[in-house]
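Values quoted throughout were computed directly from the atomic coordinates according to the rules given, and no laboratory measurement underlies them. None of these values were measured; they are calculated from a predicted model. Here the Cβ is made from the backbone with ideal geometry for all residues, glycine too, and neighbour counts use every protein chain on show.
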Amino acid sequence: MSVGSGCITAIPGVAPQPRAGLLGGVFLQVAAARPRAGRCRATQHGRVRLGGCVVARAGAAETPVAGAGEDAGAVLSEKFPLRRCQTVEGKAWVRVDAEPDGDGKCKVVVGCDVAGKWILHWGVSYDGEHGSKWDQPPSEMRPAGSVPVKDYAIETPLETLPNSEGRYEVQIKFDKDTPIAAINFVLKEEETGAWFQHKGRDFRIPLSGSFDGGVPFGANQDIGVWPGDLGHLKKHEGSNAQPQETIPGGTGLSGKHISGFYQEFQIIKSEYTQNFVTVTVKRDNKTHKRLVEFDTDIPGEVILHWGVCRDNNMTWEIPPEPHPPTTKIFRQKALQTLLQAKADGRGNSLSFLLDAEYSGLFFVLKLDEYTWLRNLDNGSDFFISLTRMEERGSIQDLGKVEPQKFDKPSQTDGIISDIRNLVVGLSSRRGQRAKNKVLQEDILQEIERLAAEAYSIFRSPTIDSVEASVDLDDPSIAKPACSGTGSGFEILCQGFNWESHKSGKWYVELGKKAKELSSLGFTIVWSPPPTDSVSPEGYMPRDLYNLNSRYGTMDELKELVKIFHEADIKVLGDAVLNHRCAQFQNNNGVWNIFGGRMNWDDRAVVADDPHFQGRGNKSSGDNFHAAPNIDHSQEFVRNDLKEWLCWMRKEVGYDGWRLDFVRGFWGGYVKDYLEASEPYFAVGEYWDSLSYTYGEMDYNQDAHRQRIVDWINATKGTAGAFDVTTKGILHAALERSEYWRLSDEKGKPPGVLGWWPSRVVTFIENHDTGSTQGHWRFPYGMELQGYAYILTHPGTPAVFYDHIFSHLQPEIAKFINIRQRQKIHCRSKIKILKAERSLYAAEIDEKLIMKIGSEHFEPSGPQNWIVAAEGQEYKIWEVSS
């Protein structure tokens, strides 16, 4: 799916958890970006679930004074590293010098004044070409230092201008009568991995001819950002359907020349600063209390959000007064104390006395409303074990303190009892209408806190217990594990690309390929979004009951489904449930009133959507900024969507759903929709960035795949999810010859595939990452290695349309045939044999062995292995029958 964007903050490549806005331990809220900061979901004693992570939150009420201690003996001290994000604003510019210089050359100049290592990622389009596909420019047009990228682009570094402070430019020269119609580019900041765009799309500079595939500069000069190096994409769709203006002074795309012009664009870059906080705890011999001292080098206002616990129960509470000066109470659950600026101006510090009865101290540092600093080692709140200090009675390293161990059954019983008592209490008051909004919030927050605490007890970074290996029967008699998960033997084909809508008859064209796809072994086809849409690709839906789209009419869609059913292939509809474009404006001129059969008003729009003035509740996920985000907590919205999905199942004949942008709303709502519509198969697009450190992909991607697993868990396992983790790791492994990445620390596949294979759809390309968008294209020339991996491994593999109808088809068909012949399924057992620099090898179900990489490998053992498929840096063997 695609988004348009205004001026937003770049998300650099070091960010490990953009899902919740966690950037190296810093929580940010980012405007108009995917990924962006999550929405608050539940409090936990002064902590708030922010997009699935627990963080601290600011309070309000004031409290008085505090004390200090003297004659204290040092007992323990620890220095914690911190990483915080700062934004730097500047401008980028584009200038066209249309008059030839002394060498007879015209010139395009691109520059910016924000410090960094800037790269121009660019290509060209020629006269008469249609669409957005790039070509490489001729060699004489490439500036010095240019490097080709695959076969479609060039990367050229911007050079520092002489006698300037932090100004960078690159010049591209061309002939006046060039056959090139347009130069296309995006800016890339190499140190952070962030990409900067024009209104969420590639920059297009028309030069000559009748080019018909671009969006030239318009009146609003904002730069959008997508973190392409992070494995997350920002799809290119505008926020409205208005035609774009041509460049100033030019004759438009159909003209034969272009006048000179100059335009500037605001640009915002995020930079990371390393800091520290030191915590020292001393025994105060005068008062027999503990003196706690905080010291940090962070300048400016820093607030300590803190609490204590007793008896190692890990439950936040507030110590009694006196409290330190400038302390405020947060909802009777935590304290917030402003640190004092140090005399030398190099940061802030604080000290206060604490009674000896407490066993632990929790804290988080707050810099502003959206920025919280937590423990970089584990992503959790900082915790100081005061009990350990008393036991040892000497200086020690807090980082070496062993984690607290708890008796899970007894602790769980207590939590269950608390939740049960709350439910009983609420049930007894069912007939009463609570008028106190604060009271309502506190009750709900307490329920969510207890639920979060219970969840944290059982949450594990692996899901071994969920995926016990089982033997499935033949696919012809296998029954679905549950609604939405199919039989386990599915092989999916994405039946469209980014350009498919342009024919206007895609349903007819795709129907002609049904028999061929069936003969190749596909069991499911994913069809494009069917509804009326502001964008031609279908990802900006408007009237959901109007199924006449750029892909074809409703009758043609129904005929397509019928044809595929006759070919014994099931059909998934692409359901966009997160957002919807309005048909009418409210009194303020904002587009948030809907028409058609679902004639919702602005109560259907979330309250925290910054652009569309919704009157609903706050979002349960991440906002999509190009269209109103739907409030799924509204009963009338859920009822209408369930009715629509059931109508689509009955009227069109869809067998299931591909769910777009499921990061935007809670997975529990997805469960409701799937239970109502009872799909045979459903898969969600939960897409965010992998973990990077200073531009290098981290080996451990557990946090990334855990977020996908969390979403599947929220649906109660009724839907699967695309294995974005596996795709990203395959990129790094193949591009850099780092095949060791394909085994995690426990010797399992490192993606979601290694944790919950029956709920993942593996893929190497789709309409967003490949096609003419190409924002996260699979390593060129290595596609067959990728398919050799996903088509032999557990999970449900998906093949992209552009690949199956290309020169890759014979080998892909061979892989599918091997998979079906050996009855490899979504829960097949896998044993990784090799995961080295230039070699990965694995055995699946003791019936198949595969290897990818340049290093030689041959299977060994008592079985007689025969080669079933072989090609450039891949090989597959089967057991001889």
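For segment 560-607, take the convex hull of the Cα atoms, compute a quarter of its surface area, and give me that in nm², please. Let's see the in-between values first.
On the way: hull surface 18.9 nm².
Seen from a random direction, the Cα hull of segment 560-607 projects 4.7 nm² on average.
Per-residue 3J(HN,Hα) values for segment 709-716, derived from phi via the Karplus relation 6.51 cos²θ - 1.76 cosθ + 1.60 with θ = phi - 60°, read 4, 4, 5, 4, 4, 5, 7, 6 Hz in sequence order (x marks Gly and Pro).
Based on the Kirkwood radius over alpha-carbon pairs, what value in µm²/s does the Stokes-Einstein equation return for the translational diffusion coefficient of segment 503-654 at 37 °C and 0.692 mPa s? List each step's numbers first, then the result.
Working: Rh = 16.4 Å.
In µm²/s, the coefficient is 200.
Give Lys515/Lys831; Lys333/Lys716; Lys117/Lys173 a once-over and call out the pairs whose C-alpha atoms are over 27 Å from each other. Cα-Cα > 27 Å for Lys515/Lys831; Lys333/Lys716; rest within.
With kT/(6 pi eta Rh) evaluated at 37 °C and eta = 0.692 mPa s, and Rh the Kirkwood radius from Cα pairs, segment 726-881 diffuses with a coefficient of 212 µm²/s according to Stokes-Einstein.
For segment 672-818, dividing the convex hull volume of the Cα atoms by the residue count gives 126 Å³ per residue.
Exceeding 18 Å between C-alpha atoms, which entries from my cross-link table qualify? They are Lys727/Lys847; Lys748/Lys829; Lys671/Lys823. Please list the in-between numbers first.
Values: Lys727/Lys847 25 Å; Lys748/Lys829 10 Å; Lys671/Lys823 30 Å.
Beyond 18 Å between Cα atoms: Lys727/Lys847; Lys671/Lys823.
If r is the Cβ-Cβ distance from Glu735 to Asp175 and R0 is 35 Å, what FRET efficiency results, to the nearest 0.05? Calculated transfer efficiency: 0.50. Each residue of segment 694-704 was assigned a 3J(HN,Hα) from its phi angle through the Karplus expression (A = 6.51, B = -1.76, C = 1.60, θ = phi - 60°), giving 6, x, 9, 5, 5, 5, 7, 10, 4, 4, 5 Hz with x at Gly and Pro.
Where does the charge balance sit around Pro100 when Lys and Arg score +1, Asp and Glu -1, over other residues with C-beta under 12 Å from its C-beta?
Working: positive: Lys105, Lys107, Lys173, Lys176; negative: Asp97, Glu99, Asp101, Asp103, Asp175, Asp177.
Net local charge, Pro100 excluded: -2.
Among 777-790, 330-343, the peptide with the highest mean count of other Cβ atoms within 10 Å heads the list, and the full ranking is 777-790, 330-343. Relative to the 2.2 N^0.38 Å rule of thumb, segment 580-662 has a C-alpha radius of gyration ratio of 1.13. A DSSP coil position with no more than 13 other Cβ atoms inside 10 Å describes the following GluC sites (Glu not before Pro) in segment 78-174: Glu165. Applying D = kT/(6 pi eta Rh) to segment 498-589, where Rh is the Kirkwood radius over alpha-carbon pairs, T corresponds to 4 °C and eta to 1.567 mPa s, the Stokes-Einstein value obtained is 92 µm²/s. Once backbone amide H atoms are built at 1.01 Å from N, Thr315 has Arg310 as its partners under 5 Å, excluding neighbours fewer than 5 places away on the same chain.
A simple rule links phi to the HN-Hα coupling: the Karplus curve 6.51 cos²θ - 1.76 cosθ + 1.60 with θ = phi - 60°, which for segment 504-509 gives x, 9, 5, 4, 5, 5 Hz, with x for Gly and Pro.
Local charge sum around Leu161 (other residues, Cβ-Cβ under 11 Å, Lys/Arg +1, Asp/Glu -1)?
Details: positive: Arg167; negative: Asp113, Glu159, Glu165, Glu169.
That works out to -3.
Note on segment 676-717: with charges restricted to the Cβ of Lys and Arg (+1) and Asp and Glu (-1), its dipole about the Cα centre is near 140 debye. Between the amide H of Ser828 and those of Gly795, distances stay under 5 Å, these residues lying 5 or more places away or on another chain, with hydrogens modeled in the peptide plane.
Taken along the Cα-to-beta-carbon direction at a fixed 7 Å, the label points for Asn546 and Lys79 span 6.5 nm. Between amide H atoms placed 1.01 Å from N, distances below 5 Å from Ala868 occur with Ile876, Trp877, Glu878, all of them 5 or more places distant or on a separate chain.
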